[in-house]
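Inspection log for the structure reproduced underneath, given as structure tokens.
Laboratory data are not the source of any read-out in this text; all were calculated from the coordinates shown. It should be emphasised that the depicted structure is a prediction, and the values quoted were computed from it without experimental measurement. Ideal geometry is used to build each Cβ from the backbone, glycine not excepted, and the neighbour counts take in all protein chains shown.
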Amino acid sequence: MSKGRAIACGLLFFSLAACGQQTTPTAAVGHTSAQASAPAVPPPSASPTGLGALDPCALLGPQDRSAAGVNVLGKPKDIAGARACDWTVPGTFGVTVTFDEKHGLADLDVAKKNATKTTVGRHPALKVADKKAADGTCAVLLGVGDGASVQIDVSNTGFSDTPLACRRAGTVAGLVEPKLP
């Protein structure tokens with residue numbers, strides 16, 4: 001399978017999870033399957049990245065959710081040993097915020113043709129979307145130091161309108177980023 005196809009499948013996998021499907025992803029967006037067997041995230045006190053003290057579901061307060069078009073509370077999840085939170089707006093879209101305390105941006109296996117380097121606030125970032133697939137999914141990956149990342153994955157219901165998914169992912173990334181170490 002090509003890297004581009006792998007990323008599209010990874011984004012699709014997150015899309016299904018974000019849309020309320022009961023699936024357990026084998027790895028977060030951009031990760032190889034070898035990384036899926038990583039042990040659970042260490043307790044907050046053992047977190048050298050600074051993410052351990054944060055709750056991914058607390059990153060979007062009521063005003064943030066309103067600004068992002070999210071009218072539901074987030075539900076905590078575990079994605080391949082990483083802490084995450086999922087907000088699913090029925091009939092519209094889903095967003096998942098995942099803390100990966102073991103892999104920085106440089107460690108993520110992201111197809112270069114689907115990734116655009118950018119900056120969100122003070123954090124380096126990658127916007128990942130397969131425009132050819134036009135599957136209504138997009139991710140913004142924020143680097144947190146050299147060894148961690150926060151991944152914002154958005155999928156639109158019906159898996160269409162990738163530009164809208166990217167706008168939504170960008171909005172959520174902009175709301176989350178100031179709260180990151």
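Brief remarks on what is shown
- On the beta carbon distance between THR118 and LEU73, with R0 = 22 Å, the FRET formula returns roughly 0.15.
- Distance (nanometres) between label positions extended 7 Å along Cα→Cβ at ALA53 and LEU164: 3.9 nm
- Cα centroid separation - the range 55-92 against the range 119-136, whole Å: 19 Å
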